[in-house]
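Some notes on the structure that comes next.
The values are calculated or read from the model by the stated rules, or taken from the named source; none is laboratory data. Note that the structure is predicted; figures quoted are calculated from it, not measured. No Cβ is skipped: glycine too gets one built from the backbone with ideal geometry, and neighbour counts run over all protein chains shown.
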C-alpha cells in the first residue's frame, strides 16, 4: 500500500484492519485481531503490568544508592500502594522505616497509615501496623481506638480505652509523667501498646 503524502499517518491498528478487509478470510480474521488488541484481553492487560514492573525495578535500583532519602521512598511507596500489592507494599514500608533515621519516620508513617486504612488490607495487618505506630508516637491513641471501633475489634478497643483512662487517672491524681504511669501500670495493660 502506498501512502499518500497529504494523508495523516495511520496507527498500527488501523493499518492491520485495513489490510484485513481485503483478506480472503474476511470478518473472522478481523474479529480475532480486534479481540487481541482490545483493552479487556489478557495480552493488552500485560502491558500495564509490565510497565509497573519496570517502574518498580527502577525504584529498587535507585534505592541501592539513595536509601537515606525519604522522598524516593515515599514516591516508591505511593506507586506500590496504587498497584494494590499488599505484601510487597507492607514489606517496603518496613524496609523504609528500617533504613531511614528515626527523625524522618513521621514522613513515612503518614503514608503507611493511609495504606493500612484502605479497604482490602487485612485487619491483622492494620492492627499490627497501628500498634507499631503507637510505639513510635503514643499521642495518637484516639486514632487507634477509632480504627478499632470501625474494624469491630471491640475487645481490643476496650482494653486500649481502659489503659488510656488508667494512665490519665494516674497522671492527674499523682502528677506523674506518662513514663512513670507506664512503668507503674500492671503488665496486662502495658501489652496493649
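Could you tell me whether the stretch 133-149 includes any residue that is within 22 Å of residue 80 (Cα to Cα) and either surrounded by 12 or more Cβ atoms within 10 Å (Cβ to Cβ) or touching a strand residue (DSSP E or B) at 6+ places or on another chain (Cβ under 9 Å) (or both)?
Yes, there is a match, as at least one residue in the stretch 133-149 is within 22 Å of residue 80 (Cα to Cα) and either surrounded by 12 or more Cβ atoms within 10 Å (Cβ to Cβ) or touching a strand residue (DSSP E or B) at 6+ places or on another chain (Cβ under 9 Å) (or both).
Out of everything in the stretch 63-87 that is free of Cβ contacts under 8 Å to residues at least 12 places away in the same chain and assigned to a helix (DSSP H, G or I), what residue ends up being farthest from residue 129 (Cα to Cα)? Let's see the steps before the verdict.
At the first step, the residues of the stretch 63-87 found to be free of Cβ contacts under 8 Å to residues at least 12 places away in the same chain are 64-66, 69, 71, 82, 85, 87.
Pick out the ones that are also assigned to a helix (DSSP H, G or I) and you get 64-65, 71, 82, 87.
On the way: 64: 25, 65: 27, 71: 21, 82: 19, 87: 13 Å.
Applying the filter and picking the extreme gives 65.
If I go through the stretch 78-107 residue by residue, how many of them are surrounded by 14 or more Cβ atoms within 10 Å (Cβ to Cβ) and under 23 Å from residue 150 (Cβ atoms)?
5
Out of all the residues in the stretch 103-115, is one or more modelled with pLDDT of 90 or more and over 30 Å from residue 152 (Cα atoms)? Walk me through how you get there before you give the answer.
First, pick out the residues of the stretch 103-115 that are modelled with pLDDT of 90 or more: 103-115.
Next, from what is left, pick out any that are over 30 Å from residue 152 (Cα atoms): 103-104.
Checking the stretch 103-115: at least one residue is modelled with pLDDT of 90 or more and over 30 Å from residue 152 (Cα atoms).
Across the stretch 95-121, what is the number of residues that are free of Cβ contacts under 8 Å to residues at least 12 places away in the same chain and part of a loop (DSSP other than H, G, I, E, B)?
Total meeting the criteria: 1.
Which condition number does residue 119 fail, the rest of (1) farther than 26 Å from residue 156 by Cα; (2) exposed (fewer than 12 other Cβ atoms within 10 Å of the Cβ) being met?
The failed condition is (1).
State yes or no: is residue 175 modelled with pLDDT of 85 or more, surrounded by fewer than 17 Cβ atoms within 10 Å (Cβ to Cβ) and on the phi > 0 side of the Ramachandran plot?
On the way: modelled with pLDDT of 85 or more: no; surrounded by fewer than 17 Cβ atoms within 10 Å (Cβ to Cβ): yes; on the phi > 0 side of the Ramachandran plot: yes.
No; evaluated as a whole, the condition is false for this residue.
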